[in-house]
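Asks: Below you will find the structure I want to go over with you.
The values are calculated or read from the model by the stated rules, or taken from the named source; none is laboratory data. Predicted model, so just to flag it, every value in this text is computed and none were measured. Cβ atoms come from the backbone with ideal geometry, glycine included; neighbour counts cover every protein chain shown. The accessibility values were calculated without ligands, DNA or RNA, using every heavy atom of the protein model including side chains. Shrake-Rupley method; radii C 1.70, N 1.55, O 1.52, S 1.80 Å.
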Amino acid sequence: MRRAAGHQRRFDERFAAYFDSLVGRQGGLDLPPYGAFPARALDLVRELALRGGKRLRVVVLHEAAALVTGEEVAGLDEAAIGIELLHAHGLIHDDIIDNSPVRRGGPSTYYAYRHEFPDRPDTALALAVLAGDLAAFLSMRVLLAGGLPPALAVALAAVHADVGASTVAGQMLDLERDFRPDPDLPLLHAVTEYKSSRYSVLAPLRMGLLAAGADPTPHDGGLSAYATALGIANQIHDDWLDLFGDPGSIGKSAGSDIRSGRHSYAVRALLAAVDAGERKVLDSALGDPGCDDDTLDRVRDIARTHGVDAALRAEADRYAREAAAVAGGWRGHWRAEAVTFFEHLPTWTVARDR
């Protein structure tokens, strides 16, 4: 999608300039004049944030504004930076929770600190938590201190704060899910809704419309339906990538859900398909951080034998088509070019290799 690539390129340049501005004299972040830890935390947040992928949230935000107008819209840069900083906050804390060494093809923030403080694990953990907190506060700062018209700044910040709280609640539900031996689909969908869909799709939709001068409230049913379907499609595809994807493409170790014992869509499908002997193999791998590649290969072979890989792809495609159908219902109210984009976006996202 050329339009998405264009949004990504422009945003990455703007995002780098934003981080440069934080250490400048005009509008810079007021860091303590003593000590190296605060500046290092900002550096690590920057490193992670600028390693971003396809910038789905940024694309949705800009195209949401394009539903209303083809003109340039003020406030989109600030909203995009805010939502990507909120994403960075989530990734940093997620990698602490999951004890993940790699993120986006480089060291996670947590493991960067562990490398720097090998003899002080508590300090490494504390600094990683605080770096994630820094990203969260910066995500609000850019909206409220970025020179936007006050009414728009408050409206965007209200959406941003609400979805931030929802995302934290989703992370808690994600942890609770793994206490259940066989979580059902409604629970998995709820985790996806709160932990991912709301801030990755729904909030950018709402914020893009607000920036363009439209009230999203009357359209919230359709926006929510689109976000829910697209979020589930993407999460199922992410779970497929975690088990069957190429580590070089996805930017982290494959099989992380298996090793962490996460009851993902893929794990749920596996548990429903295996026989007693295969269940022993799966149980030996599930939740074992030291699970070796040979055991993971056996799990993949079992999954392919039962058609789990193909079934997951088909399910992701089904939800992608559902999202596209919801977007098709926007014709006649929103600008046709942008509606077409939202119709095509779901299929594009579930065809990606990372």
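Asks: For the chain, what is the calculated [θ] at 222 nm in deg cm²/dmol (nearest 500), taking -39500 (n - 2.57) for each run of four or more DSSP H residues and dividing by its residue count? Don't skip to the end; give the middle numbers.
Replies: Working: 17 runs with 246 residues, N = 354.
Value at 222 nm, helices only: -22500 deg cm²/dmol.
Asks: Work from the charge dipole of segment 157-309 (Cβ charges, +1 for Lys and Arg, -1 for Asp and Glu, about the Cα centre) and give the residue of Ser256, Leu241, His189 farthest towards its positive end.
Replies: The residue sitting farthest along the positive end of the dipole is His189.
Asks: Follow-up. With point charges of +1 on the Cβ of Lys and Arg and -1 on the Cβ of Asp and Glu, referenced to the Cα centre of the chain, which listed residue (His93, Pro204, Val168) lies farthest in the positive direction of the dipole?
Replies: With unit charges placed on the Cβ atoms, the residue in question is Pro204.
Asks: Assigning unit charges at the beta carbon (Lys, Arg +1; Asp, Glu -1) and nothing else, what dipole magnitude in debye, to the nearest 20, does segment 1-156 show about its Cα centre? Don't skip to the answer; put the middle values down first.
Replies: On the way: 17 positive and 19 negative charges, 82 e Å.
Dipole about the Cα centre, nearest 20: 400 debye.
Asks: Provide His62, His219 ordered by accessible surface of protein heavy atoms (probe 1.4 Å), highest first.
Replies: His219, His62
Asks: Also, quick follow-up: Under a crude label model (7 Å from the Cα following the beta-carbon direction), how far is Thr340 from Glu13 in nanometres?
Replies: It is 2.6 nm.
Asks: Separate question: Heavy-atom accessible area per residue, segment 143-274, 1.4 Å probe: how many Å²? Walk me through the intermediate numbers first.
Replies: Details: 4910 Å² over 132 residues.
Normalised by residue count, the accessible surface of segment 143-274 is 37 Å².
Asks: Also, I was wondering about something else. Whole-Hz ³J(HN,Hα) for each residue in segment 206-212, computed from phi via Karplus 6.51 cos²θ - 1.76 cosθ + 1.60 with θ = phi - 60°, x for glycine and proline: what do you get?
Replies: Here the 3J(HN,Hα) series is 5, 5, x, 5, 4, 4, 7 Hz.
Asks: Accessible area per residue, 1.4 Å probe, Å², for segment 1-138: what's the number?
Replies: Details: 6660 Å² over 138 residues.
Spelled out: the 1.4 Å probe surface of segment 1-138, per residue, equals 48 Å².
Asks: Moving on. Charges at C-beta only: +1 for Lys and Arg, -1 for Asp and Glu. How large is the resulting dipole of the chain about its Cα centre, in Debye rounded to 20? Don't skip to the answer; put the middle values down first.
Replies: Numbers: 38 positive and 49 negative charges, 149 e Å.
Using only the charged Cβ atoms, the result is roughly 720 debye.
Asks: Quick one: if the Förster radius is 30 Å, what FRET efficiency do Trp348 and Asp215 give, using the C-beta to C-beta distance and rounding to 0.05? Numbers along the way, then the final one.
Replies: Working: r = 28 Å, r/R0 = 0.95.
The computed FRET efficiency comes out at 0.60.
Asks: Kindly write out, for segment 57-62 in residue order, the coupling ³J(HN,Hα) from the Karplus curve 6.51 cos²θ - 1.76 cosθ + 1.60 (θ = phi - 60°), rounded to whole Hz, with x marking Gly and Pro.
Replies: Those phi angles translate into 4, 5, 4, 4, 4, 5 Hz.
Asks: Okay, moving on. Extending each Cα 7 Å along its Cβ direction at Asp288 and Asp275, get the distance between those two points in nm, one decimal.
Replies: 2.1 nm
Asks: Quickly work out the Arg331-to-Lys54 label distance, labels modelled 7 Å from Cα along the C-beta direction, and quote it in nm with one decimal.
Replies: Reported label-point gap for Lys54 and Arg331 is 2.3 nm.
Asks: Further, regarding this structure: Using heavy-atom solvent-accessible surface (probe 1.4 Å) with all chains present, what is the largest-first order of Phe179, Phe37? Mind dumping the intermediate values first?
Replies: Values: Phe179 180, Phe37 105 Å².
Output order, biggest surface exposure first: Phe179, Phe37.
Asks: Quick one: if the Förster radius is 45 Å, what FRET efficiency do Ala5 and Val168 give, using the C-beta to C-beta distance and rounding to 0.05?
Replies: Numbers: r = 32 Å, r/R0 = 0.70.
The calculated FRET efficiency here is 0.90.
Asks: Using a 1.4 Å probe over the heavy atoms of the protein chains, calculate the carbon and sulfur portion of the accessible area of the chain as a whole percent.
Replies: Numbers: 8710 of 16010 Å².
That share works out to 54 percent.
Asks: For segment 284-354, report the accessible area per residue in Å² (1.4 Å probe, heavy atoms, rounded to an integer). Walk me through the intermediate numbers first.
Replies: Numbers: 3710 Å² over 71 residues.
Heavy-atom SASA per residue in segment 284-354 reads 52 Å².
Asks: What are the ³J(HN,Hα) couplings of segment 28-39, residue after residue, when phi is run through the Karplus curve with 6.51, -1.76, 1.60 and θ = phi - 60°? Round to Hz, x for glycine and proline.
Replies: x, 6, 7, 7, x, x, 10, x, 9, 4, x, 5
Asks: For the chain, report the % of Cα-Cα distances exceeding 38 Å.
Replies: Working: 11021 of 62481 pairs.
Looking at the chain, the distances longer than 38 Å represent 18 percent of pairs.
Asks: Cα-Cα pairs above 25 Å in segment 13-124: how many percent? All intermediate terms of the calculation are to be shown ahead of the outcome.
Replies: Numbers: 2059 of 6216 pairs.
Result: 33 percent of Cα pairs exceed 25 Å.
Asks: Determine the dipole magnitude for segment 121-205: charges of +1 sit on the beta-carbon of Lys and Arg, -1 on that of Asp and Glu, nothing else is charged, the reference point is the Cα centre, and the result goes in debye to the nearest 20. Before the final figure, lay out the partial values.
Replies: Details: 5 positive and 9 negative charges, 70 e Å.
The dipole of segment 121-205 has a size of about 340 debye.
Asks: Taking 30 Å as R0, compute the FRET efficiency from the Cβ-Cβ separation of Asp122 and Glu72 and round it to 0.05.
Replies: Values: r = 48 Å, r/R0 = 1.61.
Computed FRET efficiency for Asp122 and Glu72: 0.05.
Asks: Find the percent of Cα-Cα distances in segment 119-258 that exceed 19 Å, and round it to a whole number.
Replies: Details: 6209 of 9730 pairs.
I get 64 percent for the Cα pairs in segment 119-258 exceeding 19 Å.
Asks: What residues qualify as long-range amide H neighbours of Arg103, i.e. H under 5 Å apart, gap of 5 or more or another chain, H built at 1.01 Å from N?
Replies: Those lying under 5 Å, H to H, from Arg103 are Ser108.
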